[in-house]
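This report concerns only the one structure given below.
The values are calculated or read from the model by the stated rules, or taken from the named source; none is laboratory data. This is a predicted model, so every value here is computed, not measured. In this analysis, Cβ positions are derived from the backbone assuming ideal geometry, glycine residues included, and neighbour counts consider all displayed protein chains. For accessibility, only protein heavy atoms count, side chains too; no ligands or nucleic acids. Shrake-Rupley method; radii C 1.70, N 1.55, O 1.52, S 1.80 Å.
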Amino acid sequence: MATLLRIDSSAAGEQSKSRQLADVFISKWLADNLNGKVLKRDVNAQPLPHFTSQTLAALFTSEEERSAEQQAIVAVGEELIEELEKVDVLVISAPIYNFSIPSTLKAYFDHISRAGRTFKYTETGPVGLLDKDAYVFTASGSFLEGTPVDHQLPYIKTFLNFLGIKVQNVATAGGQSMGEPGTEAFNKAKDQISAW
């Protein structure tokens, strides 16, 4: 049975266009995977703690020497990594906030990036250890995709690739604060997903 993990990050809730694009894809995926299972994690509704000096100290303290507080800190990332390791497909929906991803999604990325678990260092550079497929759904108020100020999608692709996660397809709805052009972009993105 194939399992999909959905990560939502928009603060707009059900009104989020990136979430709505993910909805379209997951409906299609479930139709193609009749016994498929979908796990959901909303990092906006349930935000993760940001990486701090305490996080780093806990990770660099040997397991047997960690305090109870440090064990709890490390357990956050451990749960996320274990969840990710057991799925086949990753879906990420993300808006652009201030030219990049929401800080809630960045916190998620920080917790799942762990040397020796999700990537390793070699003589020729880092190698990702997660052999997964990913689909990414983004939205923005204006049309930023592919411009020099788009620090969202290139970053997401770079990060996932770093962990060995292959981005298979991306659908973007730009112009969501621009009226009719945004509606057209959203509908075009939905059509694009349906054609995958």
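The table below lists the values:
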{"quantity": "Residue among V149, V76 that alone is under 30 Å from N33 (Cβ atoms) and among the aliphatic types (A, V, I, L, M)", "calculated": "V76"}
{"quantity": "Selection within the stretch 26-40 - basic (K, R) and either free of Cβ contacts under 8 Å to residues at least 60 places away in the same chain or touching an Asp or Glu at 6+ places or on another chain (Cβ under 7 Å) (or both)", "calculated": "K37, K40"}
{"quantity": "Any hit, the stretch 37-46, residues being among the β-branched types (V, I, T), closer than 20 Å to G175 by Cβ and surrounded by 14 or more Cβ atoms within 10 Å (Cβ to Cβ)", "calculated": "no"}
{"quantity": "Number of the exception - S140 against (1) touching a Gly at 6+ places or on another chain (Cβ under 6 Å); (2) more than 30 Å from T183 (Cβ to Cβ)", "calculated": "(2)"}
{"quantity": "Of all residues in the stretch 99-139 being polar (S, T, N, Q) and open to solvent by 10 Å² or more (accessible area, probe 1.4 Å), the one that is nearest to S27 (Cα to Cα)", "calculated": "T104"}
{"quantity": "Residue under evaluation T55, criteria (1) open to solvent by less than 60 Å² (accessible area, probe 1.4 Å); (2) under 29 Å from A139 (Cα atoms), criterion not met", "calculated": "(2)"}
{"quantity": "Filtered residues of the stretch 163-180 (kept if in contact (Cβ under 8 Å) with a residue 12 or more places away in the chain and farther than 27 Å from G116 by Cα)", "calculated": "N169, V170, A171, T172, A173, G174, G175, Q176, S177, M178"}
{"quantity": "Which numbered condition E14 misses (of (1) among the charged types (D, E, K, R); (2) farther than 23 Å from S177 by Cα; (3) assigned to a helix (DSSP H, G or I))", "calculated": "(2)"}
{"quantity": "Strands (runs of 3 or more DSSP E) enclosed by the stretch 43-162 - at least 2 residues per element that are in contact (Cβ under 8 Å) with a residue 24 or more places away in the chain", "calculated": "89-95, 125-128, 132-139"}
{"quantity": "Lone qualifier among D8, D23 - being of a type in the set (D, E), surrounded by 13 or more Cβ atoms within 10 Å (Cβ to Cβ), in contact with an Asp or Glu (Cβ under 7 Å, 6 or more places away or on another chain) and within 29 Å of A195 (Cβ to Cβ)", "calculated": "D8"}
{"quantity": "Within the stretch 163-182, considering residues that are open to solvent by less than 60 Å² (accessible area, probe 1.4 Å) and assigned to a loop (DSSP other than H, G, I, E, B), the one farthest from G128 (Cα to Cα)", "calculated": "G179"}
{"quantity": "Index of the failed condition, H111 passing every other in (1) more than 19 Å from H50 (Cα to Cα); (2) touching a Pro at 6+ places or on another chain (Cβ under 9 Å)", "calculated": "(1)"}
